Amino acid sequence: MAGYLAFVRRTSRIVHIPDDIYGPVDQAAPAIITFWHGQHLIQTFYRRPNDRCYVMISRHGDGEINAIAAEKLGMSVVRGSGAQRADQVRKRGGIQALRTLLSLLKAGEHVSMTADVPKVSRVAGDGIITLAQMSGRPIIPMAVVASRRIDFKSWDAASLALPFGRVAILVGTAITVPREADAERREALRRQLEAELDRIYALGYQNLGCPYPGADRPSMIEARNQRNARGAEG
């Protein structure tokens, strides 16, 4: 997989939006770089040869494949993931991973993680908001999208980029979570992060002349609420 992704990068014409996609991250260093599940396989295209970054990858089988590929592409890996239910976070290594990411940020290292948790597509989880609040470091929304790709009918509308196409790399507006933020403010910033990620992903695909995969599909939370509402009516 690492070899294939490197080949895709070498054979793709890459566009930066804005032109200076590294300035915001360099100025905010160390930062929390985030993106959606689904298009995560080519997020390593953003990394410059000398950049150091630690990426959080889940412990399940697919995560093992991604972790090995990420390491071969120059990333360092922290294993663990968030979860939809609070009682699953510890089981999935989310708490230990959070502690590790906090230590890395304190040491001046960039960290990276998906904003959404497994099985809940395009809904920012509380974990990244907590990490930003506890560390005092900004969240930098980032997107890497490809014109030539295979789109899968998976929970996260995953895409596999193909060679000889165009790739857009985008960086959005930084989001800071104040240490004194209450629950209402945290929720507002979580929604702001969702909106900014959707904005840059949509802008990237628009620039490539492509539809945004999965953008018109309700998230798992919305779908579950719709099913519950129909059940109550029945």
Legend entry - Rounded to whole Hz, the Karplus (6.51, -1.76, 1.60) HN-Hα couplings of region 171-179, x for glycine and proline: 10, x, 7, 5, 10, 10, 10, x, 4
Inset, instruction - Describe numerically, in nm with one decimal, the distance between label points set 7 Å from Cα along Cα→Cβ at Glu184 and at Ile65. - result: 4.6
Legend entry - Long-range HN-HN contacts of Arg166 with modeled amide H, under 5 Å: Arg13, Ser147, Arg148
Legend entry - Order of Trp155, Trp36 - criterion: other Cβ atoms within 10 Å of each residue's Cβ, fewest first: Trp155, Trp36
Inset, instruction - Read phi for every residue in region 195-211 and hand back ³J(HN,Hα) as whole Hz from Karplus 6.51 cos²θ - 1.76 cosθ + 1.60, θ = phi - 60°, with x for Gly and Pro. - result: 5, 5, 5, 4, 5, 6, 5, 4, 5, x, 5, 4, 4, 8, x, 10, x
Inset, instruction - Between Gln192 and Lys106, with labels modelled 7 Å along Cα→Cβ, what's the label distance in nm to one decimal, could you check? - result: 2.6
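All of the numbers you see were taken from the coordinates with simple rules; none came from a lab. Note that the structure is predicted; figures quoted are calculated from it, not measured. Neighbour counts are summed over all protein chains in view; Cβ atoms, including those assigned to glycine, are modelled from backbone coordinates with ideal geometry.
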